[in-house]
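Take a look at the structure set out below.
The values are calculated or read from the model by the stated rules, or taken from the named source; none is laboratory data. These figures come from a predicted structure and were not determined experimentally. Ideal geometry is used to build each Cβ from the backbone, glycine not excepted, and the neighbour counts take in all protein chains shown. Calculation scope for accessible area: heavy atoms of the full protein, side chains included, ligands and nucleic acids excluded. Shrake-Rupley method; radii C 1.70, N 1.55, O 1.52, S 1.80 Å.
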Amino acid sequence: MKLHVRINGEARELEIAPGAVLGDVLRQLGLTGTKMGCREGHCGSCMVLVNGKPMNSCLLLAAKVEGAEITTIEGLGDVRNPHPIQEAFVEAGAVQCGFCTPGMIISTKALLDNEPHPSLERVREALSGNLCRCTGYAKIFDAVRIAEHKLAKASGNGKSTRRPHRP
Amino acid sequence: MPVTITEYLRPDSLKEALALLAEDPGKNIAVAGGVSIVLSGAPRRVRAIDLQNVGLNEIASTKDELCLGAMATLDDIIHSPAATKVASGLLPTALRTAASEPIRRLITVGGNIVQCYYWATLPPLLLALDAKIHLRTSEHRRTLKATEFFAQPPMRLMEKGELVTDVTIPLKPSRRAAFEKMAKTSNDYALIHVVVSYVDQRGKMSDPRVVVAACTSLPTRVREAEEFLEGKTVDLNTAMEAGQIASHHVKLRGDFRASADYRRRVLRVMVQRALLKAADKQTIS
Amino acid sequence: MTKTAGTKKTSARPEPNAARETRVVGKPVPKVDGLSLATGRAKFTADEIPPHCLVGMLLLSPHAHAKIKSIDTSEAEKLPGVRAILHHGNVPRIAHTTAGQGFPEPSPWDTFMFDNKVRYVGDRVAAVAAETRDIALQALKLIRVEYEPLPAVFDFEEALKPGAPIIHDEPDITSFLPFDPKRNLAAWAKADVGDIEKGLAEADVVVEGEFETHYYAHAPIEPHVTLTYLDPDGRLVIRTSTQVPFHCRRIVAQTLGIPVRQIRVIKPRLGGGFGGKQEILLEDVCAMLTLRTGRPVLMELNRAQEFTSSRTRHPMRMWAKMGVKKNGEVTAIDFRGILNTGAYGSHGLTVLTNVGSKCLGLLRCPNVRFDGKTVYTNLPVGGAYRGYGATQGMMALGQLIDEAARAIGMDPVEFCLRNHIRAGETHPIFRALGEGREGVDMTIASCGLAECIRLGAERFGWKQRRGKGASMPGPIKRGAGMVILMQGSSIPEIDMAAAIVKLNDDGSVNLYSGATDLGTGADTILAQIVAETLHIPVSDVILTVADTDNSPFDTGAYASSTTYLSGEAARRAAVDLLENMRQVAAEALDVSPEKLDVGEKCFYVHGNPRKTISYEALARRALYSRNQQQLVGHASAISHVSPPPFAAHFCEVEVDTETGVVRVVKYVAAVDCGVPINPKLAEGQTEGAVLNSIGAALMEEYLFNDDGRMLNPTFNYYKLFTPGETPLVETILVPTHEPTGPYGAKSVSEISTNGPLPAIANAIYDAVGVRLRKAPYTPERVLEALEAKRKAEHS
C-alpha cells in the first residue's frame, strides 16, 4: 500500500507492506540511526517523533502515520552540523556504546521543545521509555541539563533551534 | 513479524467503520493504537480497519459527566483539563504510572479496556468511578456498566463487528480517590493495582469503592470491604481492617513474578495505604 | 617489581612511563565517535546490509535435554525462498569452545556447530537462510525434529551426585585442564595457602554462611548480530558485534575447517557487550550459511533468544567462613563454591579461579583455602560477564566482612582499613590461582584503597547514615552498607596487544590497533594516549581498529585489559614512531637526535626553540624528498602482572517492612583506577557497572519452570532500571600511579560491578537486621526474611 509522510522535512510517497512497523520502514530507507533493540516497546532505541511526539517505531504500524511528519535522529543534525542536544550528549559523556543514544536524544528533543526547563522528575518521566545499559543514566540527565542551557542560550540569541510543531 | 495484514482501510466515519466491520466479521481487525496487533503476531490474515479518523478521539465533559472517546490515548487523558476534574485528579495521577510516556501515546481507551490485560490501568479506575461503557455495531448500540463490562474478559461479551465508542464517568465533586501500584520499575506491568474511592460526607465515607486488579484475573470490586467502609471515618484502624478484609476476600493469582501469598500480604498494606492517601492521612512517605 | 616488557627495540631516548604533566591524558576529552553516534550516522552491524542479503535464523531446542533422533528438512527446503538449512547431519563435527579466549582456550572444547543432542532449552538445533524473515520463520516451522527426551538436571548439587544425568557423554570432547564430564564437572580449581585449620583455631570469632548468586543477563541493548559475505576474491568477511575479532577469526576457522587467511573479521560500532560478546555465538553458523549459499547472510538474536541462547552470569553457590580476632585481624578465609556453567563450559574454569584470585587476595590473611567446582546443568550457558567471578565471590565475602566486623563490634570501615592489601604487599593466592596456567607472583605497586574508603565514607556520610534503621518510626527503615573491591588489569603472561602508528603528510597519524571498543570509549582512550605521546591533538589521531585485515593482533576487550594493555601497546608504538621521527628531524636540523626536544607537533633544538621542524615538514621530507620512507612505529605489549584497581562502595537503602520493597537511595563508589586517562569515561564505566548490579541485586533474574524453560525472556518481565526510577550513583575517582600502566593507568570497567550485591545486602541488614544470602533481594524474599525474623524473635 501507499504511505504519504514527511520524513525529516521531505515529502515522501512510500510503498509499504500493510503490516510493516514504522521502524523497519525507516531503516529500509537507510535511516539506520533508528535502532531496533527489542521490538517489544521497552528499550526505546527505535524512538522517532511523530508530529513532534516521541513514539516507539517498533510498535507503530507504519500505516497509522499516514500524513504525519516524522523526525528521526538524522533529521536533527549531522556530524558537521549537530543539534545542540547531540552536542550536549557528547559533552556530558552520555554516549557510551551509542545504541540507545538516538532514541534518548529524540525523547529529549520532544521534552525540551515543549518544556524548555523541565524538572528532574519530568526528565525522568519523559525518558522512562528509553533504556540504557551502559551509563547508569547519571550522565544522560547531565546531558539534558546541558542541552537545556544550550537551547536557552540559542533562543536568547534569537537563533531558535527548535522546530515548532502542532500536536 | 506482526500479523499479516492483507488490506489496510482508513474509514472517515464511524458509520463507515461499522459497516466495514460488519462485512465478513471474521476477517476484520479494528486498529486502535495498534500495539496489541503488532505484539500479538497472530498468524492469521486480516483486513485492518483503522479507527483513527472516525471521530472517537475526543475527551469532553459536561457538568455531570466526563466522556472519553475510545480512540483517546492515555496520554490525551493525562493532559486533558476535563479529565482532571474527576475525583481530585485520579485519572492523570494513576495513568502516569502506566507504561512509558511514548507508549501511553499508543494506548487507547478502547484498546486498553477491550483487551483488558490484567495489568491494564484504566479498567480498575473505571470500576472505581462507576463508569459506563458505550458500544455500537452497525445495527444497534448498547451501554454497559463497568461492573458488567469487566465481569468477564470483555472480548467475550463483544459481538462481531461491535466497537466501544466511548466511556462516560459521572462527575461527583465530593468523590475522593486514590491509586496504588506495585511493580518492579516505574513502567513495569503492575503486580497489584488498588483503587479506592468514596463520596466524602462530612468526613464519613459514602458509596465507597475498593477495586483490586493485576493480582486478579479481572479487575474486581471488593464488595465486602466496601460494605465495611460505608459510613465509617477513615483512620488507621479502619484502613487496616479494610485491607485485611480485601486481602481475605479477593481471589488472587500467583505467577512467576510473585506468589499469590506474597500478593495477599501486600494487598492488605496497599488497600490500607490507598484509603489513607484518599483521605489525605497518609502516614508513610 | 617486574616491569612490562615489549618486543620492540629500546628507543634512543625512551619516553619514561612515569608520572608527568599531561596535556590530554587525564582530561575529559569528548568521545572520538561521540558525534557520529549521537547523530545516528555511526554504523552498527545491522546498519549496512548488502544487496541480496539473506536472513539467517536459528531453530532452538524446546527440550532441556534430548537426543535428536531425526531431522526432516524436506518440507522446509521445498518452501520457495529457502536457500540453505544446516543441522548436525550436514556440517562438520568439530569440537570447540564458544569462549573467545587466548589459545588454547582454558574452556573445554565441548561444543559443536550443531550436535545430535540438545542440552538446554534454547540450544541450537538447526539454522535456515532464506530470502526474507517471513520465509525463514515459516521454514523453521516446517523442520520436523524428532526428539527423545532425556532426564535433565538443573540444580548445582544434584548434577554432582552419582547417577545424575550426564550432560556431555560424547567421546570427542576435550580439555587440557581439569575436566571430568562423566561427573558433570566442566572444571575445578583448588588453592591452599598457609594453614587454614590453624588460622581458624586462632580466631576469636568465626563467621560463616551459605550464599547464592543467580542467573542474570548482560542485556546489551543491541542483541548479538552478525553479517557474513564473500568479498570479490571469495574471502569470507564477518562483520559482527564481537568483543574478540581475532579470537572470532581463529575459532570460526577451526569450526568451519577453513584457513584463518580466508577470513576477515570486522567489528563495527558495537551496542554494548559486557562480556556477552566475548563469545562466538552466531559467527560460525552465519559464515557457514554464506559459504553454502555464496550470499550475504544476516543473523540477529531476537530479544527472547538474547536471554535464552546467548550467555549469562554463571550462578554460584558458596560456603564461606572467616576467622577473626577481637582486634580485627583476619586469621583465615575458607571458601568453597560450585559454579553453574549450564550446558556448556564456556569460561567455566577462569570465572571460577577469578572468584578466588580477585576476592581472597583483597585482605591480608595468611591462611586461605579455595575449593571450587564448575558443574554442567541443563540450563542456559554461563559466560564472561563484567566482574567475572569477582562479582559472585564478593557477594559472599563482602557480606562476611560485614558480619565479622559486627561480630567483634568494629565498624566495617575500620575493619577494611585495617585489613586490606597495600602497595608493596603480595598475596600467595595470586600465584596459586591463574587463568588456565599458574598465576603470577605479584606485588601490588599502586593501591589507593585506603583513600577510597576514607573519601567514600566522608562523601557518603557513613557515620551519620549507619545504624539508624531500627530507630526510624513507621514501616520504612533506612540502612547503610559498604564493601571494598579489587579486580585486575589484563591476564598476565597470556593477553597481548599490538599497535602500529603511521605518520601522514600533515603530521597527523593513523593508529592501527586490534583493540575492540564495545562502547566503553576505548578508541578515545587510545587516541588520547597516542596524542599525548606524540604531542599532537586528539583530532590528529585517525583510528583503524578491530579489523583483522587492517589491525595488528589484540586479544580483545575482556579481562579489564584494553586501557592497560592495548593502551600500553599504543603508547609504545607512538614512542617508537616518535623516535623514528626524531631521527629524521635530527637529519633535517643537522643536530644529533639527543639534542632534540618535542614541542607541539614539532621538534626543536634543546635550548634553541627557534631551530625547529614541524611534524608536517618532517613528514613531507620523509615522504617526498630526502631519505624517503614511511615513518611508522609499532609495538606489542604483554604484562607480567595484573595490577588491581581498587574500590570502596557505600550504599544506603530504604526497606519497606510491609512490602519488602528495597530502594537504593544513595550510592557512592570511590575507585582507584590508577591515572584515569579520561575521567568522564571512567566515571561512566563506574556508574554503568554499579547500576547494572543494583538491578541484579534487586530485580534482574532468570525464572525457570520445572522443565528448565526460562519464563521471562522479555523486557516485559525481565526488568532493567529505566530513567524513571533509577538510583543515581556518585563516583569519586581516587588517582594513583601504576608504574606498569600507560601514563599510570589501571583498569576501571569491571570492578564496580562487584559492589552492589554485597553493599546492598549489608545495607538491608543495617536497616532491618536480616541477612539476604540469596540474590536477588526481591520484595518477596525480603518480606519472607523479615517474617522469619519476627517469628524467631517471638519464639
Within the accessible area of region C:443-489 (1.4 Å probe), percent carbon and sulfur: 52
Cα-based Kirkwood hydrodynamic radius, chain C, one decimal, Å: 27.4
Most mobile of B:K145, B:K85, B:K27 in a GNM of chain B (Cα contacts under 10 Å): B:K27
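Assign unit charges at the C-beta atoms only (+1 for Lys and Arg, -1 for Asp and Glu), then state the dipole size of region A:2-73 relative to its Cα centre in Debye, rounded to the nearest 20.
Computed charge dipole of region A:2-73: roughly 120 debye.
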Solvent accessible area, Å² - C:L79, 1.4 Å probe, full protein context: 30
Rg to Rh, two decimals, where region C:610-750 supplies the alpha carbon set and Rh follows Kirkwood: 1.24
Net charge contributed by nearby residues that have their C-beta within less than 13 Å of C:R41 (K/R +1, D/E -1): -1
Where A meets B: accessible area buried, both sides, 1.4 Å probe, Å²: 2100
Positive-end residue of C:S508, C:L534, C:A522, charge dipole of region C:478-589 with Cβ unit charges: C:A522
Computed helical MRE - 222 nm, chain C, DSSP H runs ≥ 4 contributing -39500 (n - 2.57), nearest 500: -8000 deg cm²/dmol
Computed accessible area, C:D549, all protein chains, 1.4 angstrom probe, square angstrom: 60
Cα-based reach from B:K184 at 18 Å (exclusive), listing lysines while leaving out same-chain residues under 8 positions away: C:K719
Within a Gaussian network of chain A (alpha carbon springs, distance under 10 Å), most fluctuating of A:L29, A:L59, A:L111: A:L29
Heavy atoms of B:T62 accessible to a 1.4 Å probe, total area in Å² rounded to 10: 80
Whole-number D in µm² s⁻¹ for region C:233-276, Kirkwood Cα-pair radius fed into Stokes-Einstein, 25 °C, 0.890 mPa s: 224
Solvent-accessible area buried by pairing C with A, both sides, nearest 100 square angstrom, 1.4 angstrom probe: 4000
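Taking R0 as 30 Å, what FRET efficiency do you get between C:R790 and C:V205 from their Cβ-Cβ distance, rounded to the nearest 0.05?
Numbers: r = 26 Å, r/R0 = 0.87.
That pair, C:R790 with C:V205, gives E of 0.70.
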Between region C:112-163 and region A:125-158, the Cα center-to-center distance that results, in Å: 45
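Viscosity 1.002 mPa s, temperature 20 °C: give me the Stokes-Einstein translational D for region B:59-170 in µm²/s, with Rh taken as the Kirkwood radius over C-alpha pairs.
154
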Farthest positive-ward along region B:175-278 dipole, Cα basis, beta-carbon charges - from B:T216, B:V195, B:A183: B:A183
B:E139, C:E403, C:E451, ranked by accessible area, largest first (probe 1.4 Å): B:E139, C:E451, C:E403
Rg to Rh, two decimals, where the protein assembly as shown supplies the alpha carbon set and Rh follows Kirkwood: 0.97
Spatial separation of Cα centroids for region C:339-381 and region C:196-264, in angstrom: 16
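Calculate the translational D of region B:106-230 in whole µm² s⁻¹ from Stokes-Einstein, where the hydrodynamic radius comes from the Kirkwood formula applied to all Cα pairs, the temperature is 10 °C and the viscosity 1.306 mPa s.
Details: Rh = 15.2 Å.
The Stokes-Einstein estimate is 104 µm²/s.
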Total accessible area lost when B and C pair, probe 1.4 Å, Å² to nearest 100: 2100
Two-site FRET efficiency, B:A260 against C:D233, from Cβ-Cβ distance with R₀ of 60 Å, rounded to 0.05: 0.40
Pairwise Lys count, region C:29-149 - Cα closer than 27 Å, eight or more residues apart or different chains: 10
Relative pair counts by distance (%), Cα atoms of region B:191-285, 10 Å bins: 18, 53, 25, 4, 0
Complex-versus-alone comparison for region C:770-795, residues with a loss of 10 Å² or more in accessible area, probe 1.4 Å: C:P779, C:E780, C:L783, C:E784, C:E787
Rough spin-label spacing in nm, given labels placed 7 Å along Cα→Cβ, for B:R223 and C:W319: 5.7
Estimated inter-spin distance, B:H248 and C:D134, nm [label 7 Å along Cα→Cβ]: 5.8
16 Å Cα-Cα reach of B:K172 towards lysines, excluding residues that sit fewer than 8 places from it in its own chain: B:K63, B:K85, B:K132, B:K204
Size of electric dipole in region C:241-284: Cβ of Lys, Arg +1 and of Asp, Glu -1, about Cα centre, debye, nearest 20: 240
Around A:E10: net Lys/Arg minus Asp/Glu count, Cβ-Cβ under 12 Å: -1
For region A:84-156, radius of gyration divided by Kirkwood radius, i.e. Rg to Rh on alpha-carbons: 0.93
Extension reserve of the B:H79-B:E148 stretch, reckoned as 0.36 nm per residue once the Cα distance is removed: 22.0 nm
Under 12 Å from A:K109, Cα to Cα: aspartates and glutamates that are on another chain or at least 8 residues apart: A:E148
Dipole of the protein assembly as shown, positive end: most advanced residue of C:A689, C:G276, C:A573 [Cβ charges, Cα centre]: C:A689
Long-range Cα-Cα pairs in region B:4-50 (distance over 12 Å), rounded percent: 60
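If you stretched the chain out fully between C:K141 and C:R261, how much longer would it get, using 0.36 nm times the residue separation minus the C-alpha to C-alpha distance? Walk me through the numbers before you get to the answer.
On the way: separation 120, 0.36 × 120 = 43.20 nm, distance 3.68 nm.
Result for the pair: 39.5 nm of gain on full extension.
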Cut-off 13 Å between beta-carbons: net charge of the residues surrounding B:T216, Lys and Arg +1, Asp and Glu -1: +4
Average accessible area per residue (Å²) across region A:28-167 - probe 1.4 Å, nucleic acids and ligands excluded: 33
Simple label model, 7 Å out from Cα along Cβ direction - C:E75 to A:A154, nm: 5.7
Distant alpha-carbon pairs in region C:496-638 (separation over 28 angstrom), percent: 19
Dipole magnitude of chain C about its Cα centre (Cβ charges: Lys, Arg +1; Asp, Glu -1), debye to nearest 20: 740
Computed FRET value (nearest 0.05) for B:E159 with C:H52, which takes r as the C-beta separation and R₀ as 45 Å: 0.40
List of region C:499-547 residues, accessible area with partners at least 20 Å² below that of the chain alone (1.4 Å probe): C:G519
